[in-house]
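No value in this document is a laboratory result; all are computed from the given coordinates. Just so you know, these numbers come straight off a predicted model, no measurement behind them. Here Cβ is always computed from backbone atoms with ideal geometry, including for glycine, and neighbour counts include all displayed protein chains.
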Amino acid sequence: MADLSVEKHERFDQAIDEIANGATICISGSGGGLLEPDAILQRLEQRFLDTGEPNKLTLVHAASIGDSKSRGLNRFVHPGMVKRIIGGHWGWAPRIGEMALNGDIQGYNFPQGAISLLFREIAAGRPGLFTRTGLHTFADPRIEGGRLSAKAPPDIVSVMTINNSEYLFYESFQIDYAFLLGSKADLDGNISFEKEPAYLDASAMAMAAHNSGGKVLVQVKEIVPKGSLDARLVIIPGIFVDHVLCNPDQWQTYEGEYNPAFSGEKRIPLNSLAPLPLDQRKVIARRAALELKPELVVNLGFGMPDGVAAVAAEEGVSDWLNFTVEQGPVGGVPAKGAIFGVSTNPLAILDMPSNFDFYQGGGLDLAVLSFAQVDASGNVNVSKFGGRLAGCGGFVDISQNAKKVVFVGTMTAGGLDVDVQDGRFKILKEGRNKKFLEQVEQITFSGFYSAKVGQRVLYVTERAVFELLDGKLVLTEIAPGINLEHDILQQMAFEPHISEPLKSMDIRLFKDTRMHIAP
């Protein structure tokens with residue numbers, strides 16, 4: 001139980017000072033500062049800089065944590081501080097990613113949902129997580145086993161057969177500390193989340209650390225009297241909590257101190273969201289939006305897919321869709337950019353493990369996800385390319401289990417410039433880098449597995465649409481005015497199958513007026 005007496009700050013510093021070399025620490029948070037306990041991480045970093053301890057740490061996180069500069073996991077870049085990291089997404093801590101790829105630390109990338117659900121298995125004292133998520137992708141030990149370099153031992157994930165079906169088994173391990181964030185703490189250490197846009201896996205992490213015999217440290221914005229919290233808002237009960245750090249300067253996200261439309265306290269008119277300019281991104285988002293149907297349960301991934309939410313709002317159809325984000329929000333309009341994981345006007349907020357239960361069980365009707373690379377077999381890579389580690393995040397959990405998947409991205413990258421107006425689409429300057437390759441650098445989505453389970457899969461670009469049919473990539477639509485040979489086939493490292501007849505993309509995609517897609 002937390003002791004929040006007058007000495008609480010001294011006691012918290014003492015708890016940081018007691019963290020031993022080689023400890024295993026799980027850390028909550030998601031990109032853009034969402035639930036990121038950076039004041040705790042800052043204190044641990046300062047202790048290491050002052051004393052060289054604790055060192056050889058093992059860090060575990062499901063979502064990416066940081067600002068690409070100095071906060072979050074970026075506080076662990078100092079040589080010797082970390083031995084091993086098990087992470088779901090690495091994009092907001094690029095220097096840590098470089099250390100993992102170079103073998104300076106033992107690095108693993110596993111699906112975000114698998115890690116999040118593994119915390120519950122650890123909390124319950126079970127041996128690990130059985131799931132199909134990750135089969136035939138880079139997480140499968142028959143391919144890469146999630147290892148980011150040869151320095152990472154192959155000892156975390158294995159393949160097991162149960163009732164004639166294959167599963168991946170992610171093994172449990174002991175957690176010594178959990179670093180978490182909430183809104184308020186009372187004098188018994190109960191932690192409420194009423195100002196937060198998500199809960200992530202905070203409760204599961206707290207239970208996992210507590211039941212492992214470890215310690216739970218929580219950062220909050222405010223300390224309140226004992227018994228003053230609404231029990232319905234308490235996500236981490238005080239029986240799990242050992243120490244609390246009060247940080248009055250705590251923000252809801254990096255982008256703002258507090259937005260009540262993110263936490264569900266208030267609702268704002270969705271028509272106040274600015275429409276997207278008509279460019280290649282909007283064309284792609286619009287084509288993906290044509291796959292939306294009333295009452296569908298939809299997940300929108302990070303990056304270009306967030307444009308689908310903006311298109312839906314502009315078209316006035318947001319209310320008959322059920323957008324979800326893996327971090328937990330259900331309903332509303334998912335935010336874009338660095339604060340991905342937050343939604344405006346959410347109808348409900350689930351904890352992240354429960355959301356991934358829903359996803360992995362096939363609850364999603366449609367997923368719209370970005371691609372970095374696509375190959376002739378329909379495989380998609382978003383996790384490691386061009387010498388850079390992004391990590392898969394929830395991509396594998398979502399893409400493998402949704403009933404329909406729409407992958408979105410431009411045909412080429414690096415300087416692509418187009419002109420879109422009055423139903424015309426023209427390429428002014430071609431991108432330097434092809435994204436449709438003979439073979440992707442890493443398999444984040446397996447075309448083989450998708451064909452095996454019978455998904456419908458589309459690949460939407462600004463000038464063409466492809467579909468995965470019988471395990472083959474097939475060109476099915478082309479933008480008006482685009483030259484098939486020069487603008488599509490010459491921009492691919494392989495020749496796709498071409499459907500007969502080859503359809504023209506909907507002319508409404510290229511006009512600067514509403515498409516009126518509502519039924």
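Here are the numbers:
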| quantity | calculated |
| --- | --- |
| Sparse-neighbour loop sites [trypsin sites (Lys or Arg not before Pro); the range 198-251; at most 12 other C-beta within 10 Å; DSSP] | Lys226 |
| Candidate lysines for bridging to Lys151, where Cα separation is under 23 Å - those fewer than 8 sequence places away on the same chain excluded | Lys56, Lys83, Lys384 |
| Exposure proxy ranking, count of Cβ atoms within 10 Å, fewest first, for Arg120, Arg95 | Arg95, Arg120 |
| Anisotropy class of the range 65-210 from Cα gyration tensor, a/c 1.5 cut | oblate |
| Length gained when the stretch Asn102-Asn483 is fully extended (0.36 nm per residue, less Cα-Cα span) | 132.9 nm |
| Largest-first ellipsoid semi-axes for the range 272-510, taking √(5λ) over the Cα gyration tensor eigenvalues, angstrom | 27, 21, 16 |
| Rg [Å, one decimal], Dmax [Å, integer] - the range 336-412, C-alpha atoms | 13.9, 40 |
| Segment Leu347-Glu222, length gained on full extension (0.36 nm per residue, minus Cα span) | 42.4 nm |
| Eligible aspartates and glutamates near Lys452 by straight Cα distance, threshold 12 Å, same-chain separation 8 or greater | Asp470 |
| For a label point 7 Å along the Cα-to-beta-carbon line of Phe173, residues of the range 71-101 with backbone N under 12 Å | 83-87 |
| Simple spin-label estimate for Asp470 and Asn211 in nanometres, 7 Å along Cα-Cβ | 4.9 |
| Distance in nm between pseudo-label sites at Glu500 and Asp357 (7 Å out along the Cβ direction from Cα) | 5.1 |
| The range 278-307 and the range 396-424: distance between their alpha carbon centers, rounded to Å | 9 |
| Cβ-based exposure ranking for Phe448, Phe302, in which fewest neighbours within 10 Å come first | Phe448, Phe302 |
| Computed lengthening from Gln14 to Asp155, 0.36 nm per intervening residue step minus Cα-Cα distance | 47.4 nm |
| Largest-first ellipsoid semi-axes for the range 398-497, taking √(5λ) over the Cα gyration tensor eigenvalues, angstrom | 25, 15, 12 |
| Test item: Cα-centred dipole of the chain, Lys/Arg +1 and Asp/Glu -1 on Cβ, debye | 700 |
| Burial ordering of Arg281, Arg514, Arg147, fewest other beta-carbon atoms within 10 Å first | Arg514, Arg281, Arg147 |
